[in-house]
Amino acid sequence: MKAKFAAAPYLLWAAFFIVIPFGLVAYYALTDLHGGFTLSNFAQSLRFAPVIGSSIWLAIIATAVCLLIAYPLAYLISRKSTGGQRTLVLLVMLPMWMSFLLRTYAWMTLLENNGVINRLFGLIGLGPFEMINTQGAVVLGMVYNYLPFMILPLYSVMTKIDQSLIEAASDLGCSPGQTLRQVVLPLSVPGIATGITMVFVPAVSTFVISVMLGGGSFMLIGDLIEMEFLGNAYNPHLGAALSIVLMVIILICMALTDMFSDPEEKEGLLL
């Protein structure tokens, strides 16, 4: 009885901020302007299949780039001394203390036609290059903003890999590449799965980055949802249906990565 009473605040929190909002979204998605039941909102969402596909594709690219950058970086951090690890993790987290919008605005200044990068290229007779308002700029913004979410889970897993295992593999004749493939990589799979989830989920649902760095030329599903709720094409019923489609995509991603996650490791990452 005491346990149920102690859980009451959390149940109320879940009810007010999860169950009730989801119920409202589901209600709007399954009703028309007159409140009647309909599935036409989901049928209309199929018109935006190219936008949904583009959102998934760009999120996959950003997640893959984050993994390629974060994996060796997380491994190097995990092999440092305790003091070195703390310093490097602090440096990884430091940009996250700044406003998300300010970080993205900074990239606008760097990438624009008269920005810092093009001016540097101009000093050696190159450019100007069209970097802003491109899909590459959108992916770059995703990678920059979400890279720490890939590094930290990988570091959390890799720091628990016993150094003696790596030394034993070397003593048994394994090359560095074989040690990576046969020892480090299998032990770091839970961190990879968690990192993929933590990067893909915000990347596929982003809308600020695509607007600021893509110039609105590359509409993503997050932009569509915002437009249906706040834009000129006000249609909360269609926006709610698109929100549920996005939620299904995220749940599928989480289910796929959860197959490779270690439950004990997942609890440790949450703590």
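Checked against (1) surrounded by 23 or more Cβ atoms within 10 Å (Cβ to Cβ); (2) touching a Ser or Thr at 6+ places or on another chain (Cβ under 6 Å), M212 passes all but condition (1). You will find that of M131, M142, M150, the residue that is in contact with a Cys (Cβ under 6 Å, 6 or more places away or on another chain) and under 26 Å from L102 (Cα atoms) is M150 and no other. Determine whether V211 is touching a helix residue (DSSP H, G or I) at 6+ places or on another chain (Cβ under 7 Å) and either hydroxyl-bearing (S, T, Y) or free of Cβ contacts under 8 Å to residues at least 40 places away in the same chain (or both). The answer is yes for V211.
Please find, within segment 57-82, the residue that is farthest from V157 (Cα to Cα) out of those that are of a type in the set (S, T, Y) and modelled with pLDDT of 95 or more. That would be T63. Scanning segment 121-140 for residues that are assigned to a loop (DSSP other than H, G, I, E, B) and among the small types (G, A, S) yields G125, G127. Does A7 satisfy the criteria of being at pLDDT 95 or above and assigned to a helix (DSSP H, G or I)? Taking the combined requirement at face value, the residue does not satisfy it. Considering segment 116-132, the residues that are of a type outside the set (V, I, T) and under 27 Å from the mean Cα position of the chain (by Cα) include one that is surrounded by the fewest Cβ atoms within 10 Å (Cβ to Cβ), namely E130.
State yes or no: is L102 outside any helix (DSSP H, G or I), among the aliphatic types (A, V, I, L, M), over 30 Å from M158 (Cβ atoms) and without any contact (Cβ under 8 Å) to a residue 60 or more places away in the chain? Against the criterion (outside any helix (DSSP H, G or I), among the aliphatic types (A, V, I, L, M), over 30 Å from M158 (Cβ atoms) and without any contact (Cβ under 8 Å) to a residue 60 or more places away in the chain), L102 does not qualify.
For segment 182-189, the criterion of a residue being part of a helix (DSSP H, G or I) and either closer than 22 Å to Q135 by Cβ or touching a strand residue (DSSP E or B) at 6+ places or on another chain (Cβ under 9 Å) (or both) is satisfied by no position. Among the residues of segment 34-55, those identified as β-branched (V, I, T) and closer than 10 Å to M219 by Cα are V51, I52. For segment 156-177, taking the residues that are polar (S, T, N, Q) and modelled with pLDDT under 90, the one that is surrounded by the most Cβ atoms within 10 Å (Cβ to Cβ) is identified as S170.
The values are calculated or read from the model by the stated rules, or taken from the named source; none is laboratory data. The model shown is predicted, which means the values in this text are computed figures rather than measured ones. Because the Cβ atoms are built from the backbone with ideal geometry, glycine has one as well, and the counts that use them run over all protein chains shown.
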